[in-house]
Amino acid sequence: MHRISLKVDGTTYEDHVEPRLLLIHYLRDRLGLTGTPIGCDTGNCGACTVDLDGQSVKSCSVLAVQADGSEVTTVEGLASDGQWHPLQRAFHERHGLQCGYCTPGMLMAARDLLAENPDPTADEVRHGLEGNLCRCTGYQNIVRAVLAAAREQREQPAPSGEEASV
Amino acid sequence: MIPPSFEYTAPRSVEDAVRALAEGGEEAKVLAGGQSLMPLLRMRLAFPELVVDVGGIPELRGVREDGDTLVIGALTTHHTVLRDPLVRRHAGLLAKATATVADPAVRHRGTLGGALAHADPAGDVPTAIVALDAELVAQGPDGRRSIPAAEFFTDYLQSTLSPDELLVEVRLPKPGDGWGFHYEKFRRATQEWAVVGVAAAVRRTNGRIEEARVALTNMGPTPVRARATEAALAGADVAGDAIARAAASAAEGTAPGTDLAASAEYRAHLARVLTRRAVTAAAG
(Lines give C-alpha, C1' and ligand atoms only; values in the text may rest on other atoms or scores of the structure.)
Protein backbone atom coordinates (compact mmCIF):
# COMPACT_ATOMS: atom_id res chain seq x y z
CA MET A 1 0.00 0.00 0.00
CA HIS A 2 1.17 3.48 -0.82
CA ARG A 3 0.35 6.64 1.05
CA ILE A 4 -1.09 9.47 -1.03
CA SER A 5 -2.26 12.96 -0.27
CA LEU A 6 -4.25 14.96 -2.75
CA LYS A 7 -6.83 17.71 -2.94
CA VAL A 8 -10.10 16.90 -4.68
CA ASP A 9 -12.68 19.64 -5.29
CA GLY A 10 -11.12 21.73 -2.54
CA THR A 11 -10.88 19.02 0.13
CA THR A 12 -7.57 17.38 1.07
CA TYR A 13 -7.56 13.61 1.44
CA GLU A 14 -4.89 11.29 2.81
CA ASP A 15 -5.17 7.62 2.03
CA HIS A 16 -3.39 4.33 1.62
CA VAL A 17 -3.95 2.84 -1.81
CA GLU A 18 -2.85 -0.11 -3.87
CA PRO A 19 -0.58 1.00 -6.74
CA ARG A 20 -2.96 -0.47 -9.29
CA LEU A 21 -5.90 1.67 -8.12
CA LEU A 22 -7.00 3.97 -10.94
CA LEU A 23 -7.76 7.60 -10.16
CA ILE A 24 -11.33 7.14 -11.41
CA HIS A 25 -11.88 4.22 -9.01
CA TYR A 26 -10.36 6.23 -6.17
CA LEU A 27 -12.71 9.14 -6.87
CA ARG A 28 -15.82 7.00 -7.22
CA ASP A 29 -15.33 4.09 -4.86
CA ARG A 30 -13.18 5.60 -2.12
CA LEU A 31 -14.36 9.21 -2.06
CA GLY A 32 -17.91 8.57 -3.26
CA LEU A 33 -17.59 11.20 -5.99
CA THR A 34 -19.75 9.31 -8.46
CA GLY A 35 -20.45 12.38 -10.59
CA THR A 36 -17.57 11.26 -12.80
CA PRO A 37 -18.60 8.12 -14.73
CA ILE A 38 -16.53 5.35 -16.30
CA GLY A 39 -17.38 4.86 -19.96
CA CYS A 40 -14.83 2.56 -21.54
CA ASP A 41 -11.74 0.48 -20.91
CA THR A 42 -9.61 1.88 -23.66
CA GLY A 43 -9.14 5.56 -22.92
CA ASN A 44 -11.24 6.56 -25.91
CA CYS A 45 -14.51 7.90 -24.59
CA GLY A 46 -13.48 10.72 -22.25
CA ALA A 47 -16.47 10.30 -19.90
CA CYS A 48 -14.10 10.15 -16.91
CA THR A 49 -12.26 13.40 -17.76
CA VAL A 50 -11.20 15.42 -14.73
CA ASP A 51 -8.80 18.29 -14.20
CA LEU A 52 -5.42 17.28 -12.75
CA ASP A 53 -3.20 20.22 -11.79
CA GLY A 54 -4.79 22.47 -14.39
CA GLN A 55 -5.01 20.07 -17.32
CA SER A 56 -7.77 17.75 -18.48
CA VAL A 57 -6.90 14.07 -18.13
CA LYS A 58 -8.76 10.80 -18.51
CA SER A 59 -8.92 9.56 -14.94
CA CYS A 60 -9.14 5.95 -16.14
CA SER A 61 -5.61 6.38 -17.51
CA VAL A 62 -4.01 7.76 -14.37
CA LEU A 63 -3.08 5.79 -11.26
CA ALA A 64 -4.16 7.25 -7.93
CA VAL A 65 -0.50 7.10 -6.83
CA GLN A 66 0.41 9.30 -9.81
CA ALA A 67 -1.97 11.95 -8.45
CA ASP A 68 -0.14 12.07 -5.11
CA GLY A 69 0.50 15.70 -4.21
CA SER A 70 -1.83 16.96 -6.91
CA GLU A 71 -5.01 18.93 -7.11
CA VAL A 72 -8.01 17.36 -8.81
CA THR A 73 -11.20 19.07 -9.91
CA THR A 74 -14.14 16.90 -10.91
CA VAL A 75 -17.49 17.90 -12.36
CA GLU A 76 -18.74 18.00 -8.77
CA GLY A 77 -16.40 20.88 -8.07
CA LEU A 78 -17.64 23.09 -10.89
CA ALA A 79 -20.60 24.78 -9.20
CA SER A 80 -19.88 27.21 -6.41
CA ASP A 81 -22.28 28.63 -3.79
CA GLY A 82 -25.19 26.86 -5.44
CA GLN A 83 -24.45 28.56 -8.76
CA TRP A 84 -23.83 26.47 -11.81
CA HIS A 85 -20.67 27.03 -13.81
CA PRO A 86 -21.43 28.88 -17.09
CA LEU A 87 -20.74 25.65 -18.99
CA GLN A 88 -23.24 23.72 -16.88
CA ARG A 89 -25.84 26.42 -17.46
CA ALA A 90 -25.13 26.52 -21.20
CA PHE A 91 -25.41 22.71 -21.57
CA HIS A 92 -28.73 22.90 -19.71
CA GLU A 93 -30.12 25.78 -21.75
CA ARG A 94 -28.88 24.61 -25.16
CA HIS A 95 -29.86 21.00 -24.65
CA GLY A 96 -26.22 19.86 -24.81
CA LEU A 97 -27.12 16.40 -23.54
CA GLN A 98 -29.68 13.67 -23.82
CA CYS A 99 -28.72 10.71 -21.65
CA GLY A 100 -26.08 12.77 -19.84
CA TYR A 101 -23.47 10.03 -19.52
CA CYS A 102 -20.77 11.90 -21.44
CA THR A 103 -21.68 15.27 -19.91
CA PRO A 104 -19.26 15.36 -16.94
CA GLY A 105 -16.36 14.62 -19.30
CA MET A 106 -17.64 17.06 -21.91
CA LEU A 107 -17.87 19.79 -19.27
CA MET A 108 -14.35 19.16 -17.99
CA ALA A 109 -12.83 18.97 -21.47
CA ALA A 110 -14.70 22.11 -22.53
CA ARG A 111 -13.51 23.92 -19.41
CA ASP A 112 -9.92 23.02 -20.29
CA LEU A 113 -10.45 24.14 -23.89
CA LEU A 114 -11.84 27.53 -22.84
CA ALA A 115 -9.04 28.09 -20.34
CA GLU A 116 -6.58 27.79 -23.20
CA ASN A 117 -8.71 29.41 -25.90
CA PRO A 118 -11.44 31.72 -24.51
CA ASP A 119 -12.79 32.58 -27.97
CA PRO A 120 -12.82 29.37 -30.02
CA THR A 121 -14.46 28.84 -33.39
CA ALA A 122 -16.98 26.00 -33.74
CA ASP A 123 -14.28 24.01 -35.48
CA GLU A 124 -11.84 24.57 -32.63
CA VAL A 125 -14.48 23.41 -30.16
CA ARG A 126 -14.93 20.21 -32.15
CA HIS A 127 -11.18 19.61 -32.17
CA GLY A 128 -10.90 20.46 -28.49
CA LEU A 129 -13.55 17.86 -27.67
CA GLU A 130 -12.22 15.16 -29.99
CA GLY A 131 -11.37 12.95 -27.02
CA ASN A 132 -14.96 12.92 -25.76
CA LEU A 133 -17.59 10.74 -27.35
CA CYS A 134 -21.33 11.42 -27.23
CA ARG A 135 -23.66 8.79 -28.62
CA CYS A 136 -26.88 10.82 -28.36
CA THR A 137 -26.69 14.37 -29.57
CA GLY A 138 -24.64 14.42 -32.73
CA TYR A 139 -22.53 17.08 -30.99
CA GLN A 140 -24.39 20.04 -32.53
CA ASN A 141 -25.86 21.27 -29.27
CA ILE A 142 -22.71 20.49 -27.34
CA VAL A 143 -20.75 22.77 -29.65
CA ARG A 144 -23.46 25.45 -29.37
CA ALA A 145 -23.39 25.18 -25.59
CA VAL A 146 -19.61 25.56 -25.41
CA LEU A 147 -19.70 28.57 -27.71
CA ALA A 148 -22.47 30.13 -25.60
CA ALA A 149 -20.52 29.55 -22.38
CA ALA A 150 -17.41 31.02 -23.98
CA ARG A 151 -19.38 34.11 -24.92
CA GLU A 152 -20.77 34.47 -21.43
CA GLN A 153 -17.37 34.06 -19.82
CA ARG A 154 -15.83 36.66 -22.09
CA GLU A 155 -18.62 39.14 -21.33
CA GLN A 156 -18.75 38.45 -17.62
CA PRO A 157 -15.36 37.35 -16.40
CA ALA A 158 -15.47 35.55 -13.11
CA PRO A 159 -14.74 37.62 -10.01
CA SER A 160 -11.02 37.50 -9.27
CA GLY A 161 -11.50 35.16 -6.31
CA GLU A 162 -13.03 32.53 -8.57
CA GLU A 163 -10.53 32.84 -11.38
CA ALA A 164 -9.03 29.46 -10.63
CA SER A 165 -12.35 27.69 -10.98
CA VAL A 166 -13.09 28.94 -14.48
CA MET B 1 -11.25 -3.63 -15.84
CA ILE B 2 -9.08 -3.32 -12.76
CA PRO B 3 -5.38 -3.60 -13.65
CA PRO B 4 -3.42 -6.64 -12.44
CA SER B 5 -1.52 -6.25 -9.21
CA PHE B 6 2.04 -4.92 -9.36
CA GLU B 7 4.77 -3.45 -7.19
CA TYR B 8 5.33 0.27 -7.66
CA THR B 9 8.30 2.54 -7.24
CA ALA B 10 8.70 6.21 -8.10
CA PRO B 11 12.44 7.00 -8.28
CA ARG B 12 13.56 10.63 -8.15
CA SER B 13 16.66 10.29 -10.36
CA VAL B 14 17.59 8.55 -13.59
CA GLU B 15 20.22 6.53 -11.70
CA ASP B 16 17.63 5.24 -9.24
CA ALA B 17 15.25 4.45 -12.09
CA VAL B 18 17.93 2.44 -13.91
CA ARG B 19 18.76 0.60 -10.69
CA ALA B 20 15.09 -0.29 -10.17
CA LEU B 21 14.81 -1.47 -13.79
CA ALA B 22 17.94 -3.60 -13.42
CA GLU B 23 16.47 -5.25 -10.31
CA GLY B 24 13.11 -5.79 -11.96
CA GLY B 25 14.59 -7.29 -15.12
CA GLU B 26 12.18 -8.53 -17.77
CA GLU B 27 9.21 -8.16 -15.39
CA ALA B 28 9.66 -4.41 -14.89
CA LYS B 29 7.86 -1.79 -16.94
CA VAL B 30 8.54 1.94 -17.18
CA LEU B 31 5.57 4.24 -16.55
CA ALA B 32 5.95 7.68 -18.12
CA GLY B 33 2.67 9.36 -19.11
CA GLY B 34 0.88 6.02 -19.00
CA GLN B 35 -1.36 6.66 -21.99
CA SER B 36 -0.32 3.40 -23.70
CA LEU B 37 0.53 1.37 -20.60
CA MET B 38 -2.65 2.12 -18.67
CA PRO B 39 -5.05 0.77 -21.33
CA LEU B 40 -2.80 -2.29 -21.67
CA LEU B 41 -3.04 -2.87 -17.92
CA ARG B 42 -6.79 -2.28 -17.84
CA MET B 43 -7.37 -4.69 -20.70
CA ARG B 44 -5.03 -7.17 -19.00
CA LEU B 45 -2.70 -7.33 -21.95
CA ALA B 46 0.34 -6.51 -19.79
CA PHE B 47 1.29 -8.07 -16.46
CA PRO B 48 4.36 -6.31 -15.12
CA GLU B 49 5.54 -7.33 -11.65
CA LEU B 50 7.10 -3.93 -11.11
CA VAL B 51 6.07 -0.53 -12.46
CA VAL B 52 8.83 2.09 -12.36
CA ASP B 53 7.13 5.49 -12.46
CA VAL B 54 9.63 7.99 -13.89
CA GLY B 55 7.08 10.84 -13.82
CA GLY B 56 8.78 12.48 -10.85
CA ILE B 57 12.22 12.89 -12.44
CA PRO B 58 12.39 16.57 -13.43
CA GLU B 59 15.65 16.27 -15.43
CA LEU B 60 13.79 14.17 -18.01
CA ARG B 61 11.50 17.05 -18.94
CA GLY B 62 12.03 20.02 -21.18
CA VAL B 63 13.42 21.27 -24.48
CA ARG B 64 16.85 22.86 -24.93
CA GLU B 65 19.41 23.68 -27.58
CA ASP B 66 22.85 22.15 -27.70
CA GLY B 67 24.69 23.86 -30.55
CA ASP B 68 23.27 22.52 -33.81
CA THR B 69 21.09 20.04 -31.97
CA LEU B 70 17.66 20.32 -30.42
CA VAL B 71 17.38 18.18 -27.28
CA ILE B 72 13.99 17.07 -25.98
CA GLY B 73 13.72 15.27 -22.64
CA ALA B 74 11.99 11.90 -22.90
CA LEU B 75 9.34 12.87 -20.36
CA THR B 76 8.30 16.01 -22.25
CA THR B 77 4.57 15.71 -22.91
CA HIS B 78 3.01 15.85 -26.37
CA HIS B 79 1.18 18.97 -25.18
CA THR B 80 4.51 20.68 -24.44
CA VAL B 81 6.15 19.47 -27.66
CA LEU B 82 3.27 20.97 -29.63
CA ARG B 83 3.62 24.40 -28.10
CA ASP B 84 7.34 24.68 -27.58
CA PRO B 85 8.80 27.52 -29.70
CA LEU B 86 12.13 25.69 -30.19
CA VAL B 87 10.36 22.57 -31.45
CA ARG B 88 8.21 24.66 -33.78
CA ARG B 89 11.29 26.40 -35.12
CA HIS B 90 13.64 23.44 -35.53
CA ALA B 91 11.40 20.36 -35.64
CA GLY B 92 8.09 21.51 -37.10
CA LEU B 93 7.48 18.05 -38.52
CA LEU B 94 7.52 16.58 -35.03
CA ALA B 95 4.99 19.19 -33.85
CA LYS B 96 2.82 18.49 -36.86
CA ALA B 97 2.79 14.72 -36.25
CA THR B 98 2.31 15.17 -32.50
CA ALA B 99 -0.78 17.31 -33.12
CA THR B 100 -2.49 14.26 -34.63
CA VAL B 101 -1.82 12.00 -31.62
CA ALA B 102 -5.06 10.95 -29.87
CA ASP B 103 -6.77 13.92 -28.19
CA PRO B 104 -5.97 16.85 -25.87
CA ALA B 105 -6.39 14.94 -22.60
CA VAL B 106 -4.11 12.14 -23.80
CA ARG B 107 -1.57 14.67 -25.10
CA HIS B 108 -1.52 16.31 -21.64
CA ARG B 109 -0.17 13.07 -20.15
CA GLY B 110 1.47 11.19 -23.02
CA THR B 111 5.20 11.77 -23.51
CA LEU B 112 7.61 11.85 -26.43
CA GLY B 113 9.84 9.20 -24.87
CA GLY B 114 6.91 6.99 -23.96
CA ALA B 115 5.55 7.08 -27.49
CA LEU B 116 8.98 6.10 -28.84
CA ALA B 117 9.75 3.37 -26.30
CA HIS B 118 6.28 1.87 -26.85
CA ALA B 119 7.39 1.43 -30.48
CA ASP B 120 3.94 1.11 -31.98
CA PRO B 121 4.25 1.19 -35.79
CA ALA B 122 0.83 2.88 -35.90
CA GLY B 123 2.18 5.73 -33.77
CA ASP B 124 2.76 9.11 -35.42
CA VAL B 125 5.66 10.32 -33.31
CA PRO B 126 8.08 7.46 -34.17
CA THR B 127 7.59 8.16 -37.89
CA ALA B 128 8.46 11.84 -37.50
CA ILE B 129 11.53 10.91 -35.44
CA VAL B 130 12.68 8.48 -38.14
CA ALA B 131 12.14 11.09 -40.87
CA LEU B 132 14.14 13.65 -38.90
CA ASP B 133 17.15 11.33 -38.40
CA ALA B 134 17.02 11.82 -34.65
CA GLU B 135 19.33 10.17 -32.13
CA LEU B 136 17.75 8.51 -29.11
CA VAL B 137 19.78 8.53 -25.91
CA ALA B 138 19.33 5.67 -23.45
CA GLN B 139 20.84 5.34 -20.01
CA GLY B 140 21.67 1.98 -18.47
CA PRO B 141 23.83 0.68 -15.61
CA ASP B 142 26.98 1.27 -17.70
CA GLY B 143 26.13 4.82 -18.74
CA ARG B 144 24.60 6.38 -21.81
CA ARG B 145 24.49 5.34 -25.43
CA SER B 146 23.08 7.05 -28.50
CA ILE B 147 20.92 5.11 -30.96
CA PRO B 148 20.06 6.37 -34.47
CA ALA B 149 16.28 6.47 -34.92
CA ALA B 150 16.54 4.16 -37.94
CA GLU B 151 18.04 1.44 -35.68
CA PHE B 152 15.90 2.03 -32.60
CA PHE B 153 12.74 0.24 -33.74
CA THR B 154 13.29 -3.49 -34.24
CA ASP B 155 9.83 -5.07 -34.48
CA TYR B 156 6.19 -4.60 -33.50
CA LEU B 157 6.28 -2.92 -30.05
CA GLN B 158 9.99 -3.76 -29.83
CA SER B 159 13.01 -1.49 -29.62
CA THR B 160 16.72 -1.90 -29.00
CA LEU B 161 16.26 -0.75 -25.41
CA SER B 162 17.28 -3.46 -22.98
CA PRO B 163 15.17 -4.01 -19.86
CA ASP B 164 17.60 -2.06 -17.68
CA GLU B 165 17.80 0.96 -19.98
CA LEU B 166 15.74 4.14 -19.78
CA LEU B 167 15.20 6.42 -22.76
CA VAL B 168 16.32 9.81 -21.44
CA GLU B 169 16.37 12.23 -24.37
CA VAL B 170 15.89 12.69 -28.09
CA ARG B 171 18.46 14.67 -30.08
CA LEU B 172 17.37 16.25 -33.34
CA PRO B 173 19.80 17.86 -35.76
CA LYS B 174 18.58 21.37 -36.60
CA PRO B 175 17.66 21.21 -40.28
CA GLY B 176 18.86 24.62 -41.43
CA ASP B 177 17.12 26.74 -44.06
CA GLY B 178 14.90 25.81 -46.98
CA TRP B 179 13.08 22.83 -45.46
CA GLY B 180 9.35 22.34 -45.72
CA PHE B 181 7.49 19.54 -43.98
CA HIS B 182 4.14 17.88 -43.63
CA TYR B 183 2.52 14.93 -41.86
CA GLU B 184 -0.40 13.33 -43.66
CA LYS B 185 -2.47 10.88 -41.64
CA PHE B 186 -5.36 8.74 -42.74
CA ARG B 187 -7.70 7.44 -40.04
CA ARG B 188 -11.26 6.29 -39.92
CA ALA B 189 -12.27 8.54 -37.03
CA THR B 190 -10.78 11.40 -35.06
CA GLN B 191 -8.42 10.38 -32.19
CA GLU B 192 -7.78 7.00 -33.86
CA TRP B 193 -4.50 5.41 -34.81
CA ALA B 194 -3.21 5.99 -38.32
CA VAL B 195 -4.35 3.45 -40.88
CA VAL B 196 -1.34 4.84 -42.73
CA GLY B 197 0.62 8.04 -42.13
CA VAL B 198 3.36 9.80 -44.06
CA ALA B 199 5.95 12.22 -42.68
CA ALA B 200 7.69 14.25 -45.35
CA ALA B 201 10.47 16.83 -45.16
CA VAL B 202 11.95 18.40 -48.29
CA ARG B 203 14.67 20.99 -48.92
CA ARG B 204 13.91 23.16 -51.91
CA THR B 205 15.82 25.72 -53.94
CA ASN B 206 14.40 27.54 -56.94
CA GLY B 207 11.40 25.30 -57.40
CA ARG B 208 13.48 22.13 -57.22
CA ILE B 209 13.66 19.50 -54.47
CA GLU B 210 17.29 19.10 -53.40
CA GLU B 211 16.73 16.49 -50.74
CA ALA B 212 13.71 14.63 -49.39
CA ARG B 213 12.98 12.47 -46.40
CA VAL B 214 9.84 10.40 -46.33
CA ALA B 215 8.84 8.05 -43.52
CA LEU B 216 5.76 5.85 -43.27
CA THR B 217 3.47 5.00 -40.36
CA ASN B 218 1.89 1.54 -40.10
CA MET B 219 3.44 0.15 -43.29
CA GLY B 220 5.13 -2.72 -41.44
CA PRO B 221 6.20 -3.74 -37.93
CA THR B 222 8.31 -0.57 -37.55
CA PRO B 223 8.25 2.95 -38.98
CA VAL B 224 10.08 2.82 -42.28
CA ARG B 225 11.70 5.24 -44.73
CA ALA B 226 10.41 5.30 -48.32
CA ARG B 227 13.93 5.18 -49.79
CA ALA B 228 12.90 4.71 -53.42
CA THR B 229 10.67 7.76 -53.23
CA GLU B 230 13.39 9.77 -51.52
CA ALA B 231 15.86 8.91 -54.29
CA ALA B 232 13.36 9.74 -57.01
CA LEU B 233 12.60 13.10 -55.40
CA ALA B 234 16.20 14.31 -55.39
CA GLY B 235 16.37 16.98 -58.09
CA ALA B 236 12.66 16.75 -58.86
CA ASP B 237 10.77 19.74 -60.16
CA VAL B 238 8.13 20.86 -57.66
CA ALA B 239 5.77 22.09 -60.38
CA GLY B 240 5.50 19.09 -62.74
CA ASP B 241 4.35 15.52 -62.12
CA ALA B 242 7.70 14.42 -60.68
CA ILE B 243 6.31 14.27 -57.14
CA ALA B 244 3.44 12.02 -58.23
CA ARG B 245 5.86 9.75 -60.09
CA ALA B 246 8.19 9.55 -57.09
CA ALA B 247 5.25 8.81 -54.76
CA ALA B 248 4.29 5.82 -56.90
CA SER B 249 7.20 3.90 -55.36
CA ALA B 250 6.34 4.82 -51.75
CA ALA B 251 5.23 1.30 -50.81
CA GLU B 252 8.33 -0.40 -52.25
CA GLY B 253 10.10 -2.54 -49.68
CA THR B 254 7.34 -2.18 -47.09
CA ALA B 255 5.46 -5.00 -45.36
CA PRO B 256 2.07 -3.64 -44.31
CA GLY B 257 -0.32 -5.88 -42.42
CA THR B 258 -3.99 -6.60 -42.92
CA ASP B 259 -6.43 -5.85 -40.11
CA LEU B 260 -10.00 -4.65 -39.58
CA ALA B 261 -9.09 -1.14 -40.73
CA ALA B 262 -7.42 -2.01 -44.04
CA SER B 263 -5.93 -4.73 -46.21
CA ALA B 264 -2.21 -4.73 -47.00
CA GLU B 265 -3.03 -3.84 -50.60
CA TYR B 266 -5.16 -0.88 -49.56
CA ARG B 267 -2.41 0.29 -47.22
CA ALA B 268 0.07 0.25 -50.11
CA HIS B 269 -2.39 2.34 -52.11
CA LEU B 270 -2.76 4.77 -49.21
CA ALA B 271 1.02 5.04 -48.85
CA ARG B 272 1.32 6.19 -52.46
CA VAL B 273 -1.55 8.66 -52.30
CA LEU B 274 -0.61 10.10 -48.91
CA THR B 275 3.04 10.37 -49.90
CA ARG B 276 2.08 12.44 -52.93
CA ARG B 277 -0.04 14.68 -50.72
CA ALA B 278 2.55 14.97 -47.96
CA VAL B 279 5.46 15.75 -50.30
CA THR B 280 3.35 18.22 -52.30
CA ALA B 281 2.37 20.02 -49.10
CA ALA B 282 5.96 19.96 -47.80
CA ALA B 283 7.29 21.35 -51.07
CA GLY B 284 4.58 24.02 -51.34
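The values are calculated or read from the model by the stated rules, or taken from the named source; none is laboratory data. Here the structure is a predicted model, which means the values were calculated and not measured. Heads up, the Cβs are rebuilt from the backbone with ideal geometry, glycines too, and the neighbour counts pull from every protein chain shown. The area values use the complete protein model at the heavy-atom level, side chains included, leaving out ligands, DNA and RNA. Shrake-Rupley method; radii C 1.70, N 1.55, O 1.52, S 1.80 Å.
Numbers below:
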| item | result |
| --- | --- |
| Residue in the range B:77-96 that is in contact with a Lys or Arg (Cβ under 6 Å, 6 or more places away or on another chain), open to solvent by less than 30 Å² (accessible area, probe 1.4 Å) and aliphatic (A, V, I, L, M) present | yes |
| Matching residues in the range A:21-36 - criterion: being more than 10 Å from chain B (Cβ to nearest Cβ), open to solvent by 10 Å² or more (accessible area, probe 1.4 Å) and either touching a residue at least 60 places away in the same chain (Cβ under 8 Å) or of a type in the set (A, V, I, L, M) (or both) | A:LEU31, A:LEU33, A:GLY35 |
| Residue in the range A:45-56 that is outside any loop (DSSP other than H, G, I, E, B), of a type in the set (Gly, Ala, Ser) and within 14 Å of chain B (Cβ to nearest Cβ) present | yes |
| Where A:VAL72 falls short, out of the listed (1) open to solvent by 30 Å² or more (accessible area, probe 1.4 Å); (2) part of a strand (DSSP E or B) | (1) |
| Those residues of the range A:93-106 which are under 14 Å from the mean Cα position of the chain (by Cα), open to solvent by 10 Å² or more (accessible area, probe 1.4 Å) and touching a residue at least 12 places away in the same chain (Cβ under 8 Å), in sequence order | A:TYR101, A:CYS102, A:THR103, A:PRO104 |
| Test: residue in the range B:72-94 that is more than 27 Å from B:ALA215 (Cα to Cα) and within 14 Å of another protein chain (Cβ to nearest Cβ) | no |
| Residue in the range B:28-45 that is nearest to the other protein chains (Cβ to nearest Cβ), counting only those that are open to solvent by less than 40 Å² (accessible area, probe 1.4 Å) and aliphatic (A, V, I, L, M) | B:MET38 |
| Failed item, numbered, when B:PRO175 is tested on (1) at pLDDT 95 or above; (2) closer than 29 Å to B:SER249 by Cβ; (3) surrounded by 19 or more Cβ atoms within 10 Å (Cβ to Cβ); (4) of a type outside the set (Ser, Thr, Tyr) | (1) |
| Residue match in the range B:138-157 (condition: out of contact with any strand residue (DSSP E or B) (no Cβ under 8 Å at 6 or more places or on another chain), touching a residue at least 60 places away in the same chain (Cβ under 8 Å), part of a strand (DSSP E or B) and outside the structural domain of B:VAL14 (by TED's automatic domain parsing)) | yes |
| Count - residues of the range B:54-63 that are in contact with a Gly (Cβ under 6 Å, 6 or more places away or on another chain) and either facing chain A (nearest Cβ under 10 Å) or open to solvent by less than 10 Å² (accessible area, probe 1.4 Å) (or both) | 1 |
| Of all residues in the range B:235-251 being loosely packed, with under 14 Cβ neighbours inside 10 Å and in contact (Cβ under 8 Å) with a residue 12 or more places away in the chain, the one that is nearest to B:VAL214 (Cα to Cα) | B:GLY235 |
| Criterion (in contact with a strand residue (DSSP E or B) (Cβ under 9 Å, 6 or more places away or on another chain) and either modelled with pLDDT of 95 or more or charged (D, E, K, R) (or both)) met by exactly one of A:ASP29, A:ASP51 | A:ASP51 |
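Condition check ((1) at the interface with chain A (Cβ under 9 Å from one of its Cβ atoms); (2) buried (at least 21 other Cβ atoms within 10 Å of the Cβ)) across all residues:
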residue: B:PRO3; (1), (2): yes, yes
residue: B:TYR8; (1), (2): yes, no
residue: B:LEU21; (1), (2): no, yes
residue: B:GLU26; (1), (2): no, no
residue: B:PHE47; (1), (2): no, no
residue: B:VAL52; (1), (2): no, yes
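Residue-wise test of (1) surrounded by fewer than 14 Cβ atoms within 10 Å (Cβ to Cβ); (2) of a type in the set (Val, Ile, Thr); (3) within 15 Å of A:GLN55 (Cβ to Cβ).
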| residue | (1), (2), (3) |
| --- | --- |
| A:ALA115 | no, no, yes |
| A:PRO120 | no, no, no |
| A:VAL125 | no, yes, no |
| A:ILE142 | no, yes, no |
| A:ALA150 | no, no, no |
